[in-house]
């Protein structure tokens, strides 16, 4: 986000309005975050990077947080158990 008013945390009300305003003007907003719920809430499209490489590109409506997490960390070779 390039405007100084947009440098606040994304979950603050002014930043949400700023992001929506920029999108309404037809501008591209790039959000870099590891907060999956935040990304799902504001993104139309999501690109997942792992080790500096693109591993997936998808529409936010076509995926979920669990799938994004799997893409971020890669395949899990050892099954996880609840503790």
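Data for the structure
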| item | result |
| --- | --- |
| Global form of region 33-72, assessed from the alpha-carbon gyration tensor, a/c cut-off 1.5 | prolate |
| Fully extended contour minus Cα-Cα distance, from residue 23 to residue 56, at 0.36 nm per residue | 9.6 nm |
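Read-outs: derived from the displayed coordinates by stated rules, not from any lab. Values in this document were obtained by computation on a predicted structure and should not be read as measured data.
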